[in-house]
Amino acid sequence: MAEQRLTRYSTQKRVLVTGGAGFIGSHLCARLLGQGHQVLCVDNFFTGTRNNIGSLLGNPNFELLRHDVTFPLYVEVDEIYNLACPASPVHYQFDPVQTTKTSVMGAINMLGLAKRLRIPILQASTSEVYGDPAVHPQTEAYWGNVNPIGPRSCYDEGKRCAETLFFDYRRQHDVAIKIVRIFNTYGPHMHPNDGRVVSNFIVQALRGEDITIYGEGKQTRSFCYVDDLVAGMMAMMATSPDFTGPVNLGNPGEFTMLELASLVLELTGSSSKLQFMPLPQDDPKQRKPDILLAKAELD
Ligand SMILES: NC(=O)c1ccc[n+]([C@@H]2O[C@H](COP(=O)([O-])OP(=O)(O)OC[C@H]3O[C@@H](n4cnc5c(N)ncnc54)[C@H](O)[C@@H]3O)[C@@H](O)[C@H]2O)c1
């Protein structure tokens, strides 16, 4: 027993999770605590909530710091997961300048911390770096098809620039970087009003409101459950220092929006009707990860 405790103590890390009060971050914090690590959750509560981490607040290994990652941060930790950034169009388009600042200055500040402490840092990048892809499914080798001046660009280009910074910090300063490109993820703690399609359809169906379908509803998306995503992120952090990614993380199973809507109607037993609206600008028609690299490297 004493031996077990000793082993656990010696492998315990102090892990910084930026954006830790958000949807994915809160699950990551819980999983890290469950493995016996200490977690420092940093969040400015732009989209994250104390509710998401309510069950963690009493844990002596959990520490919460209200802080905006566009400002430097000086703390002592062993690993960084950089998730801070609004992720849904309604939220990242609310203050697009702040969105780009969060991705770019947030990356610079967290990379600076990783450089000073000589510790690994993982970036939560996104399938949006592929833009409206001309290649299907998207492999990590595809450079993307992104509009640099549209309403989604603050997020897409901010995340692309963050990836550039990660690789330059590696080339120039030998920082141990890891990049995962996250595809659509769903699960508990999603913001009910953030316009993401899974939560949108479920909330509309439960309220008996019309279900909003953009275009003809034939565009496809693939959805990954949050627990599987978090397992993939932690497996990525545990890879050897030579392996940087980027690695796609997601579920390659593909649904049209019409299929998703009919599944939600079936499961909720709702009598909501479908309402067809014009497609938003730069809305990708297809999105499906190629996850061969994740399968090979992360099992
Ligand atoms: N959910 C998805 O399907 C998805 C897909 C691709 C990429 N991602 C990426 O994963 C990460 C987490 O996404 P999420 O779905 O949990 O979104 P979320 O909005 O729930 O979480 C983001 C968190 O970052 C915090 N934040 C925002 N700006 C900040 C700042 N300047 N300083 C400190 N904290 C700040 C928010 O308050 C929130 O708690 C994001 O980087 C996002 O781009 C998510």
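Things worth noting here:
- Taking every C-alpha pair closer than 8 Å and separated by at least 6 residues, the mean separation divided by the residue count of the chain gives a relative contact order of 18 percent.
- Spin-label model, residue 281 to residue 161: label points 7 Å out along the Cα-to-beta-carbon direction sit 1.9 nm apart.
- Spin-label proximity, residue 12 to segment 70-114 - amide N less than 19 Å from point 7 Å beyond Cα toward beta carbon: 76-80
- Rounded to 0.05, the FRET efficiency of the residue 235 and residue 274 pair, given R0 = 30 Å and the Cβ-Cβ distance, is 0.20.
- To put it simply, the accessible area of the chain at a 1.4 Å probe is 54 percent carbon and sulfur.
- Selection of chymotrypsin sites (Phe, Trp or Tyr not before Pro), segment 218-299, meeting DSSP coil and at most 16 other Cβ within 10 Å: 243
- Solvent-accessible area per residue in the chain equals 48 Å², computed with a 1.4 angstrom probe and all protein chains kept.
- For segment 72-125, trypsin sites (Lys or Arg not before Pro) are listed when DSSP marks them as loop and at most 15 other Cβ atoms sit within 10 Å of their Cβ; the list is 118.
- Shape of segment 98-153, Cα gyration tensor, a/c cut at 1.5: oblate
- Centre separation in Å (Cα based) which lies between segment 75-115 and segment 5-69: 16
- The length gained on full extension between residue 59 and residue 78, counted as 0.36 nm times the residue separation minus their Cα-Cα distance, comes to 4.9 nm.
- Label zone at residue 135, where the point sits 7 Å out along the Cα-to-Cβ direction: segment 219-259 residues whose backbone N lies under 16 Å: 245-249
- Neighbour-limited loop hits for trypsin sites (Lys or Arg not before Pro), segment 161-257 (at most 13 other Cβ within 10 Å; DSSP other than H, G, I, E, B): 218
- Magnitude of the charge dipole, the chain, Cβ model with Lys/Arg +1 and Asp/Glu -1, debye to 20: 500
- Three-way shape call for segment 65-180 based on the alpha-carbon gyration tensor, with the a/c threshold at 1.5: oblate
- Each residue, residue 97 and residue 193, gets one label point 7 Å from its Cα in the Cβ direction; the gap between the two is 2.5 nm.
- Two-decimal Rg to Rh for segment 1-123 - Kirkwood Rh, Cα set: 1.01
- 5 angstrom amide H check on residue 185, placed H, neighbours 5+ away: 224
- Site pair residue 210 and residue 259 shows an inter-label distance of 2.6 nm when each label is modelled 7 Å from Cα along Cα→Cβ.
- Förster radius 35 Å - calculated FRET efficiency between residue 49 and residue 299 (Cβ-Cβ, nearest 0.05): 0.55
The values are calculated or read from the model by the stated rules, or taken from the named source; none is laboratory data. Because the structure is a prediction, the values reported are computed rather than measured. Virtual Cβ from ideal backbone geometry, glycine too; neighbours counted across all protein chains shown. We work out accessible area using only protein heavy atoms, side chains counted, and drop any ligands, DNA or RNA first. Shrake-Rupley method; radii C 1.70, N 1.55, O 1.52, S 1.80 Å.
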